[in-house]
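Let me begin by presenting the structure, written as structure tokens, before commenting on it.
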Amino acid sequence: MKVLVVGGGGREHAIIKKLKQNKRISTIYAAPGNGGISCDATCVAIKATDIDSMVAFAQQNKIDFVVVAPDDPLVLGMVDSFEAVGIKAFGPNKAAAILEGSKVFSKELMKKYNIPTAAYETFDNVDEAIAYVKSQNSYPTVIKADGLALGKGVIIAETLAEAEEGIRSIMEDKVFGASGNHIVIEEFLTGPEVSVLSFCDGKTIVPMVSAMDHKRALDNDKGLNTGGMGTIAPNPFFTEDVLKECQKTIFEPTMEAMNQEGRPFKGVIFFGLMITPNGTKVIEYNCRFGDPETQVVLPLLKTDLYDIFEAVVDERLNEINIEFDTKSAACVIMASGGYPQKYQTDFEISGLDKNGQCSGATVYHSGTKLDTAFKTAGGRALGVSTLGDTLNDAITNAYCAVDTIHFKHAHYRKDIGKKAL
Ligand code: AMP
Ligand code: GLY
């Protein structure tokens, strides 16, 4: 089998390393991939959103199976384009990817099907949005751009002035582009956050081991929101009881709701959850594996990933027994100093062997290139991921490995997983 993985970050690297364990796969291509991924797959210089070139490449190279990992090609309908030419592709089609592609859609879905989420209203008019915030007079309040915004389309406003500025920046200045034509204003929730990725074929939904992300750039959850600075799994706040509650109130109802809407979801549904004093609620849906959640979830997966992907596409997920290791995992992101704002790249990375790895950990490359040596090429450069018998062991192992890797202006959080201990 020849498999093509679309994307070029740490998440895709983790997927590829797992796919390499399958004996039926002879060749793995990554498009565009990155420096580290090139040690595990053949990288092809096609942009992840370039649907026409991606399909043409797959046809020319007789690809048997495609994994579309990032949100933007999914929301653009890349899976539909592969299906149209008879190539199997893992991931939701365009109709289903709207679950992440539009917050207005996902909020209305939850309201219609009684899936617990923060109370909200949607707006396409600045004055009405501001009038609503005034009438609510409750802070903090949460303002979200409708569409994809690189995980940054959320403003938590502490005052009316901040809310007004946020609404204007999204709807008038279009700081998140066209995704700001509509906004959602919602209630501020509190409680521990949990990321639960699940495999779903439209008939069966199977949650994976839970994870905890660390979205802020600095220790103690200070600084700006990022794509994610580190993860641990499992998330100790996500107990058996919470899992049972979520199966009944969130996971199954979401799958059923998408079926009812004529948008059956096949792929990974990522539930961003908050365990509030009034029950567990959905903060957001994503239509794909999380990054860097994947870098701790997949190392714990015992079942063959490609078998699962095929079963999802063929709608026979119920035939597969999906098992996870009982160990713990931790992943520390090493980022370029300045990320998520301005940062420099092109710095040589020391401490990696010729395969981009170091001893005691698996290094998933997010933003690197490889010429004479590995060099930084993105905001998030590396995800250093380890297992341990306990969470404490996993975290200790990850930081031991991080200590051996260096590049100029490297920045990483020192407190990944601390809240979970
Ligand atoms: P998102 O991009 O939707 O994942 O939101 C980014 C972060 O904003 C989340 O991880 C939460 O920490 C926070 N957030 C989003 N919505 C809410 C809410 N309704 N209440 C409290 N925090 C929220
Ligand atoms: N780590 C959060 C995300 O992938 O959206």
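The values are calculated or read from the model by the stated rules, or taken from the named source; none is laboratory data. In this text the structure is predicted, and so the values were computed from the model without any measurement. Note: ideal-geometry Cβ built from the backbone for every residue, glycine included; neighbour counts use all protein chains shown. Side chains are part of the model used for accessible areas, which takes the heavy atoms of the whole protein and leaves out ligands, DNA and RNA. Shrake-Rupley method; radii C 1.70, N 1.55, O 1.52, S 1.80 Å.
For the stretch 123-195, the convex hull spanned by the alpha carbon atoms encloses 81 Å³ per residue. Considering only C-alpha atoms, what is the centroid distance from the stretch 69-100 to the stretch 240-297, in Å? When both Cα centres are located, 19 Å separates them.
Percent of alpha carbon pairs in the stretch 192-307 separated by more than 25 Å? Here the tail beyond 25 Å accounts for 22 percent of pairs.
Take Lys203: with every protein chain present and a 1.4 Å probe, its accessible area is about 130 Å². Counting only protein heavy atoms and a 1.4 Å probe, the stretch 244-289 has 36 square angstrom of accessible area per residue.
According to the calculation over all Cα-Cα pairs in the stretch 379-421, the P(r) per 10 Å bin from zero is 25, 56, 18, 1 %.
Could you work out the helix-only [θ] at 222 nm for the chain, with each DSSP H run of four or more residues adding -39,500 (n - 2.57) and the total divided by the number of residues, to the nearest 500 deg cm²/dmol? For the chain, the value works out to -7500 deg cm²/dmol.
Which FRET efficiency, nearest 0.05, do Ala119 and Arg24 yield, Cβ-Cβ r, R0 51 Å?
0.60
Here the stretch 128-264 exposes an accessible surface that is 52 percent carbon and sulfur, computed with a 1.4 Å probe and the other protein chains kept in place.
Can you list, largest first and rounded to whole Å, the semi-axes you get for the stretch 347-391 by taking the square root of 5 times each eigenvalue of its Cα gyration tensor?
Equivalent ellipsoid semi-axes, largest first: 22, 12, 6 Å.
Cross-link reach is defined here as a Cα-Cα straight distance under 21 Å, omitting same-chain residues fewer than 8 places apart; for Lys103 the lysines meeting it are Lys94, Lys111, Lys112, Lys144, Lys152, Lys174, Lys215, Lys266, Lys281.
Quick one: grab the alpha carbon gyration tensor of the stretch 302-370, order the square roots of its eigenvalues as a ≥ b ≥ c, and give me rounded if a/c is under 1.5, else prolate or oblate depending on whether a/b is larger than b/c. If you can, show how the numbers build up before the last one.
On the way: a/c = 2.66, a/b = 2.14, b/c = 1.24.
Prolate.
Each of Ile250, Tyr343, Ile155 was scored by the projection of its Cα onto the charge dipole of the chain, and the greatest displacement toward the positive side belongs to Tyr343; charges sit on the C-beta of Lys, Arg, Asp and Glu.
Compute the Rg to Rh ratio over the chain from the alpha carbon atoms, using the Kirkwood formula for Rh, and round to two decimal places.
So for the chain, dividing Rg by the Kirkwood Rh gives 0.95.
Think of the chain as a dipole: +1 on every Lys or Arg Cβ, -1 on every Asp or Glu Cβ, centred on the Cα centre; then among Phe265, Val6, Ala118, Val6 lies furthest on the positive end. Highest-first packing order for the peptide set 109-115, 268-274 is 268-274, 109-115, based on the mean count of other beta carbon atoms within 10 Å. In a simple Cβ point-charge model (Lys, Arg +1; Asp, Glu -1; nothing else charged), the stretch 94-148 has a dipole of about 220 debye relative to its Cα centre. Using C-alpha pairs under 8 Å with a sequence gap of at least 6, the mean separation divided by the residue count of the chain gives a relative contact order of 17 percent.
Across the options Phe238, Ala398, Thr141, the greatest Cα extent toward the positive end of the charge dipole of the chain (unit charges at beta carbon of Lys, Arg, Asp, Glu) belongs to Ala398. Charges were assigned to the Cβ only: +1 to each Lys and Arg, -1 to each Asp and Glu. The resulting dipole of the chain about its Cα centre is roughly 880 debye.
Rolling a 1.4 Å probe over the protein heavy atoms gives the stretch 326-414 an accessible area of 45 Å² per residue. Considering Cα pairs under 8 angstrom that are at least six residues apart, work out the relative contact order of the stretch 23-143 and quote it in whole percent. Reported relative contact order: 13 percent.
To the nearest Å, what is the center-to-center distance of the stretch 1-64 and the stretch 106-124, using C-alpha atoms only? Centre-to-centre distance over Cα atoms comes out at 36 Å. The trypsin sites (Lys or Arg not before Pro) of the stretch 237-343 that meet both conditions, a loop assignment by DSSP and at most 10 other Cβ atoms within 10 Å of the site Cβ, are Lys302, Lys342.
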